[in-house]
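Q: Here it is: the structure, laid out below.
The values are calculated or read from the model by the stated rules, or taken from the named source; none is laboratory data. As the structure is a prediction and not an experimental result, all values here were calculated from the model. FYI the Cβ positions are ideal-geometry reconstructions off the backbone, even for glycines, and counts take in every protein chain you see. These accessible areas exclude ligands, DNA and RNA; they are computed on the full protein's heavy atoms, side chains included. Shrake-Rupley method; radii C 1.70, N 1.55, O 1.52, S 1.80 Å.
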Amino acid sequence: MNFEIKETRREYLNEIIELLKELSPYSPPKETYESIWASFLKQPNIYSRVAIHKGIIIGYGAIIIETKIRGGRLGHIEDIVSHRNFRNQGIGVAIVNALYEIGRTKDCYKVTLQCKEGQKTFYEKCLFKVGGLGMQRFVIQ
């Protein structure tokens, strides 16, 4: 299947938010999209990519680059998702590889991600290895 990996643009936001519902049901009100996009763009160390097939967004992912206290740079890959009708066609791998490449060109010494146990095999295909234990604590409002 033919698809392109492109830098995320405002015109893709509606489709990206719909696609991200595959990861979590949260969806912000449409009237907040402009302010969300403006806030997203203000962050200097976030890079995101979409996969596009015939004008449709079929995948998304982002990398956040953090400068550590000792000066090294660490990339965190987040929100990898592909459209359910287009899975197992290399889209997720292409997005992860594109984000990894951004981390490499931005001089990251390491690129990390967190995933669920059932996604481990997918990320191993992307040459990631288990490197610890991920934990989280949600801020409940």
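Q: Which condition from (1) open to solvent by 50 Å² or more (accessible area, probe 1.4 Å); (2) more than 14 Å from Leu113 (Cβ to Cβ); (3) not aromatic (Phe, Trp, Tyr) is the one that Gly72 breaks?
A: (1)
Q: Out of curiosity, is Ile65 modelled with pLDDT of 95 or more, under 14 Å from Val50 (Cα atoms) and surrounded by 14 or more Cβ atoms within 10 Å (Cβ to Cβ)?
A: No, not satisfied.
Q: Filter region 32-51 down to the residues that are part of a strand (DSSP E or B) and not β-branched (Val, Ile, Thr), then identify the one that is surrounded by the fewest Cβ atoms within 10 Å (Cβ to Cβ).
A: Tyr47
Q: Could you give me the residue pairs with C-beta distances under 9 Å whose first residue belongs to region 84-105 and is within 14 Å of Phe3 (Cα to Cα), whose second residue is of a type in the set (Lys, Arg) and surrounded by 17 or more Cβ atoms within 10 Å (Cβ to Cβ) wherever it lies, and which are 6+ apart or on separate chains?
A: Pairs found: Ala94/Arg49; Ile95/Arg49; Ala98/Arg49.
Q: Another question, if that's okay. What tally of residues in region 83-105 results from selecting those that are touching a Cys at 6+ places or on another chain (Cβ under 8 Å) and open to solvent by 50 Å² or more (accessible area, probe 1.4 Å)?
A: Number satisfying all stated conditions: 2.
Q: Report, by residue number, each residue of region 1-31 that is in a helix (DSSP H, G or I), in contact with a strand residue (DSSP E or B) (Cβ under 8 Å, 6 or more places away or on another chain) and either more than 21 Å from Gln89 (Cα to Cα) or without any contact (Cβ under 8 Å) to a residue 60 or more places away in the chain (or both).
A: Tyr12, Glu15, Ile16, listed by residue number.
Q: A further question on this structure: Which of the residues spanning region 106-141 are open to solvent by 80 Å² or more (accessible area, probe 1.4 Å) and either among the β-branched types (Val, Ile, Thr) or touching a residue at least 40 places away in the same chain (Cβ under 8 Å) (or both)?
A: Once the filter is applied, which keeps residues that are open to solvent by 80 Å² or more (accessible area, probe 1.4 Å) and either among the β-branched types (Val, Ile, Thr) or touching a residue at least 40 places away in the same chain (Cβ under 8 Å) (or both), region 106-141 yields Thr121, Val130, Val139, Ile140.
Q: Looking at region 52-62 only, could you name the residues that are open to solvent by 40 Å² or more (accessible area, probe 1.4 Å) and within 18 Å of the chain's Cα centre (by Cα)?
A: Ile56
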